[in-house]
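A short worksheet on the structure shown next.
The values are calculated or read from the model by the stated rules, or taken from the named source; none is laboratory data. Just so it is clear, the model here is predicted, and its values are computed rather than measured. Heads up, the Cβs are rebuilt from the backbone with ideal geometry, glycines too, and the neighbour counts pull from every protein chain shown. SASA here: full protein model, heavy atoms, side chains in, ligands and nucleic acids out. Shrake-Rupley method; radii C 1.70, N 1.55, O 1.52, S 1.80 Å.
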Amino acid sequence: MRILTFILLFCVSTLSFAAEPDLENLLWNDPNTPSIGAEKPRLTLVSFTDYNCPYCKQFDPELEKIVHKYPDVKLVVKLLPFRSESSANSARIALTAWREQPQQFWALHQRLMSKKGYHDDASIHAAQQKTGTEAIKADGQSAETLQMNLILSQVLGVQGTPATLVGKTMVPGAIPYADLEALVKEELAKADAS
């Protein structure tokens, strides 16, 4: 059913959050997608990211900083392995960790993000060892989630990582923290006004 929903969404030529409640749920409330921050957010950030993307590795800590600074903000991480097979391998391990050991996910996520250069099987395994997730093996659900993330990114017009949806505003690339914070404040103000 979820794949059918994605296919239908992919066929939609224009994005309308009001007309597509399933899209909103897939973006902001998918239980198979890692998230951190407010349980009942006034603003949700959706980050499309890749563990092998150097710009993602710089920008990801900025997103987490926003979530810690603004308690009404939620961050949803949509892993999007654009770079290589090791991008997919690391993403699948992380997504499986999210479902099997959610309390360990963020440590693994941060460890995978902190590696300079591309991952390989050894660096992924080393990250798992450092975070106590070495027993986790990627499963079929993680591959399905990655396929859904790819289709969702196509629906939204994401052409690379990082790409971040701040409320309903898509921000391509990594932007300076001050610009990100200004956009978050603007979107929070809009939420207050409505």
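Data overview
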read-out	value
Pick from segment 144-185, criterion in a strand (DSSP E or B) and of a type in the set (A, V, I, L, M, F, W, C), ranking: most open to solvent (accessible area, probe 1.4 Å)	M170
Considering residues of segment 127-140 that are of a type outside the set (A, V, I, L, M) and in contact with a Lys or Arg (Cβ under 7 Å, 6 or more places away or on another chain) only, the residue most open to solvent (accessible area, probe 1.4 Å)	K130
For Q110: the one exception among (1) surrounded by 14 or more Cβ atoms within 10 Å (Cβ to Cβ); (2) assigned to a loop (DSSP other than H, G, I, E, B)	(2)
F48 being in contact with a Gly (Cβ under 9 Å, 6 or more places away or on another chain) and either outside any helix (DSSP H, G or I) or open to solvent by 10 Å² or more (accessible area, probe 1.4 Å) (or both)	yes
Hits in segment 106-136 (condition: under 19 Å from D50 (Cβ atoms), over 20 Å from the mean Cα position of the chain (by Cα) and polar (S, T, N, Q))	S123
Only listed residue being touching a strand residue (DSSP E or B) at 6+ places or on another chain (Cβ under 7 Å) and either on the phi > 0 side of the Ramachandran plot or without any contact (Cβ under 8 Å) to a residue 24 or more places away in the chain (or both), chosen from L156, L165, L183	L183
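Conditions tested, residue by residue: (1) part of a loop (DSSP other than H, G, I, E, B); (2) at pLDDT below 95; (3) charged (D, E, K, R).
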residue: L4; (1), (2), (3): no, yes, no
residue: L9; (1), (2), (3): no, yes, no
residue: T14; (1), (2), (3): yes, yes, no
residue: L26; (1), (2), (3): no, yes, no
residue: E39; (1), (2), (3): yes, yes, yes
residue: Q58; (1), (2), (3): no, no, no
residue: K78; (1), (2), (3): no, no, yes
residue: P81; (1), (2), (3): yes, yes, no
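The rows are residues; the columns are (1) closer than 19 Å to S35 by Cβ; (2) at pLDDT below 95.
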position: R111; (1), (2): yes, no
position: S114; (1), (2): no, no
position: Y118; (1), (2): no, yes
position: A122; (1), (2): no, no
position: K130; (1), (2): no, no
position: T133; (1), (2): yes, no
position: M148; (1), (2): yes, yes
position: Q154; (1), (2): no, yes
position: G160; (1), (2): no, yes
